[in-house]
Amino acid sequence: MVNEVMKFFKNVDSLTKLTGKNIVYTFVLKGLSFIISLLYVPILLSCLDEKIYGVWLALTSVVSWLSLFDIGIGNGLKNKLTESLAVNNIEYSRKLVSTSYVYSALIFSVILVISLIINCFIKWNLLLNVEQIFNNDLTITAFLVIIAFCVRFILQIITPVLAATQNIRFNSLIEFIGQIGAFIGVILLNYLGVKSIIIFTIVVLYVPLIILFIFSIYLYSNKLKELKPCIRFSDKQHFSEIFSLGINFFIIQISAIVIFQTNSFLIANSFGPADVTKYNIVFKYYNILILLWGILMTPLWPSYTNAYILGNYKWIKKSVKYCLFMFLLTIIVAVIMAFVGPAVIEYWLGQDLNISRSLLLAMLLFALVSIWNNIFGCVVGAIGKVRLGVYSTSLSALIFFPLFYLLKSLGLAIEGAIWSMMICISLSAFLSPIQIYYFIYTKKKSLFLTKLLS
C-alpha cells in the first residue's frame, strides 16, 4: 500500500515528493502508535481503577509543565537548522545541534535538582484531592516522572534534527517502538496482577526513554553522522541565535501549558479524579482527528521553512489550499463522531462511564478550532513570524483561569474546562490566517503592517 502511494509523488517537485513520503510513513506509524495508546486505557483502568488512573493522569500533566523550561530550544533549533541545511551549511548545522544538546543538558540538570527538592515537600494526595493512595507512593511516582521528563527533554533534541533533515519518519518509528515496548510491559503487569502506580510509571515512561536513547546513538552514528553532537562544537553565540527565535516559542509554550496542561489538575481539584478520567477519555476520542492533522502538519513545518527561505511561495499556497479542503472533510467526520461517540466509547472501554452529549459537543468544537489554528499556526511558526502569537497566546493564558472559574460558577463543570480552552485559542485562530495572507499572498507590504503582524 505504501509503495502504491509513493507512485503518486513520482512526477511532482522534489519538496512535495519528500514531504509526501514523510506524511505517508508518519501516518502509518503514528496511527499504529495511537491505536496502542487507546488499548492502554482499558488495561490501565482495570489495573489502577478509575480514580487512581485519573490521579496518574493529573500528576503527569502537572509535572509535564517542566517542558516549558526548554525555552523553545526545540522549535528554535528546527527553524534555524532547516534554514542552514537549505543552503547546505553543514559545519554551522553541526554547531547548532551540539549547542542545543549541551545547553539543554545544563538547563534540565538544574531543573531536575530543584524539582526533586520541591517534590519532597508537596502533599500530592491533598493537591490531587485523593485519599486512598499514600502520599509516599505519590511522592515516589512524582520523583520518577520528573526524572523521566527531564531526561527526555535532553534526548528528544533529535526530534527537531530529524525534522530539519526531512527524516521525520524516524521520529514516528521511535515513538512506535517505544509504545510497543511499554504496552507489552503493561500487559505483563496486568497478567501478573501488579497494582502499583509506581511500577506502572516505570514501565510506561522509562521503556520509551530507553528506546529513544538507543535510536539516538544509532542515528548519530549513521544517518546523522555529519550532525553528530560534540561538546567542542557548542558555542554561546549559537545558543543566542537559537534562543532569540526560541524565546518566542518558549512564551507560546508557557501559554499553551497554562491552557492545556492545567485542565486535568483543575478538574481533579474542583470535581475529583473520576472526572479527569472522563475528560481524558473524550479528549483521546477526538484526539484521533487532532493526531491525524498533527501527522500532516509535522512534515509540512520544515517544508514550509525550506520553501519560504527559497522564495517558493507558490508551494506554500498550494499546501494551505489542500489543508483547507481537508478541513472541510474533517468537519463532516467530527459531526459523525459526536453522534456515535457514546456507543464507541463504551465499546472501546468495555464499560459505561456516562459520557454526556454536552461533553462530546464541547470537545467536538474544541477539536475543530484547534485544527483550524494548527493549519495556519504551522505556517506562522515555520516562517518565524511568531511575535504576534506571543502576545495573543499570553493574553489567552491570562484569561484562562478566570474564565474556567466563571464557567464553573455557571454550573458547566467539565464542559466549562473545555469551553475555556476553546475560547482562549480562538484569538490566535483568528489572527494567524491574517498573518499568512499578508506574508504569503500579499505582494505590496508596508513597514507598519510587517512589524505589527510579525
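Things to note:
- Here Gly381 passes the criteria (1) open to solvent by 60 Å² or more (accessible area, probe 1.4 Å); (2) outside any loop (DSSP other than H, G, I, E, B) except the one numbered (1).
- When residues of region 402-426 are limited to those that are without any contact (Cβ under 8 Å) to a residue 40 or more places away in the chain, open to solvent by 60 Å² or more (accessible area, probe 1.4 Å) and in a helix (DSSP H, G or I), the one farthest from Ala163 (Cα to Cα): Ser409
- Boolean, Thr277 is closer than 30 Å to Ile355 by Cβ, out of contact with any His (no Cβ under 8 Å at 6 or more places or on another chain) and not aliphatic (A, V, I, L, M): yes
- Filtered residues of region 73-108 (kept if of a type in the set (S, T, N, Q) and open to solvent by less than 60 Å² (accessible area, probe 1.4 Å)): Asn75, Asn79, Thr82, Ser84, Ser93, Ser98, Thr99, Ser100, Ser104
Here's the yes/no breakdown for (1) closer than 23 Å to Ile174 by Cβ; (2) at pLDDT below 80; (3) of a type in the set (D, E, K, R):
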site	(1), (2), (3)
Thr26	yes, no, no
Ile43	yes, yes, no
Asp49	no, yes, yes
Gly54	no, yes, no
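- The listed residues are Ile399, Ile418, Ile375, and the only one of them that is under 19 Å from the mean Cα position of the chain (by Cα) and farther than 30 Å from Leu353 by Cα turns out to be Ile375.
- Options Tyr441, Tyr437; residue that is out of contact with any helix residue (DSSP H, G or I) (no Cβ under 8 Å at 6 or more places or on another chain), of a type in the set (Phe, Trp, Tyr) and exposed (fewer than 14 other Cβ atoms within 10 Å of the Cβ): Tyr437
- Check on Ile211, in a helix (DSSP H, G or I) and crowded, with 19+ Cβ neighbours inside 10 Å: yes
The values are calculated or read from the model by the stated rules, or taken from the named source; none is laboratory data. Note that the structure is a prediction, hence the values are computed from the model and not measured. Neighbour counts run over all protein chains shown; Cβ positions are idealised from the backbone, glycine included. Just the protein is used for accessible areas: all its heavy atoms, side chains included, with ligands, DNA and RNA removed. Shrake-Rupley method; radii C 1.70, N 1.55, O 1.52, S 1.80 Å.
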